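Computed from the coordinates by the stated procedures, all read-outs in this text should not be read as laboratory data. Source: prediction; values computed, not measured. Heads up, the Cβs are rebuilt from the backbone with ideal geometry, glycines too, and the neighbour counts pull from every protein chain shown.
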Amino acid sequence: MHTLVTLAQLIIAVSIVIVWVFRFDNIVVEFKQYGLPDLVRNMLGASKIALATLLVAGIWYPKLVLVPALLMAFLMVCAQLAHIKVRNPLSKYVPSFLLLLLSLFVAAAHAGLIGA
């Protein structure tokens with residue numbers, strides 16, 4: 001189970017970096033569609049990258065993981081709500097939904113609710 005949790009942490013972190021660093025132009029377009037200001041977009045991006053960094057650091061320091069995983073899950077719920085607000089097609093919901101599930105899995109594992 002430990003390996004699956006670690007893998008989930010890495011998948012979340014790498015996904016965030018890919019989207020918020022290498023595909024940032026898509027983020028700019030999406031946030032305009034949502035009607036959110038640049039400051040909100042930039043603060044969310046910085047927050048997600050910081051949380052992703054903590055999830056990676058948590059591989060060696062597990063006590064760091066629970067709060068960042070829960071905060072990441074919260075941000076993914078917010079992403080789902082943003083997609084609902086602008087009535088995006090289902091395909092737009094999938095990435096943030098998968099990251100939400102992974103974040104909840106990581107949080108549950110680190111809270112001792114699942115696994116050994």
What pairs come up if the first residue lies in the range 19-39 and is within 18 Å of Leu99 (Cα to Cα) and free of Cβ contacts under 8 Å to residues at least 24 places away in the same chain, the second is part of a helix (DSSP H, G or I) and aromatic (Phe, Trp, Tyr), and their beta carbons are under 8 Å apart, counting only those six or more places apart or on different chains? Ile27/Trp20
For the range 29-37, does any single residue satisfy the condition of being part of a helix (DSSP H, G or I), under 19 Å from Arg87 (Cα atoms) and among the β-branched types (Val, Ile, Thr)? yes
Filter the range 10-28 down to residues that are more than 24 Å from Leu104 (Cα to Cα) and of a type outside the set (Phe, Trp, Tyr) and give me whichever is surrounded by the fewest Cβ atoms within 10 Å (Cβ to Cβ). Asp25
When residues of the range 50-87 are limited to those that are in a loop (DSSP other than H, G, I, E, B) and touching a residue at least 12 places away in the same chain (Cβ under 8 Å), the one farthest from the chain's Cα centre (by Cα): Val86
For the range 88-116, name all the residues that are polar (S, T, N, Q) and not in a helix (DSSP H, G or I). Asn88
What are the residues in the range 29-39 that are under 17 Å from Leu75 (Cα atoms) and either surrounded by 12 or more Cβ atoms within 10 Å (Cβ to Cβ) or touching a strand residue (DSSP E or B) at 6+ places or on another chain (Cβ under 7 Å) (or both), if any? Glu30, Phe31, Tyr34, Leu36
Taking the residues in the range 48-70 that are out of contact with any Leu (no Cβ under 7 Å at 6 or more places or on another chain) and among the small types (Gly, Ala, Ser) as candidates, determine which candidate is surrounded by the fewest Cβ atoms within 10 Å (Cβ to Cβ). Ala50
For the range 3-26, how many residues meet the condition of being within 14 Å of the chain's Cα centre (by Cα) and either closer than 21 Å to Leu81 by Cα or outside any helix (DSSP H, G or I) (or both)? 5
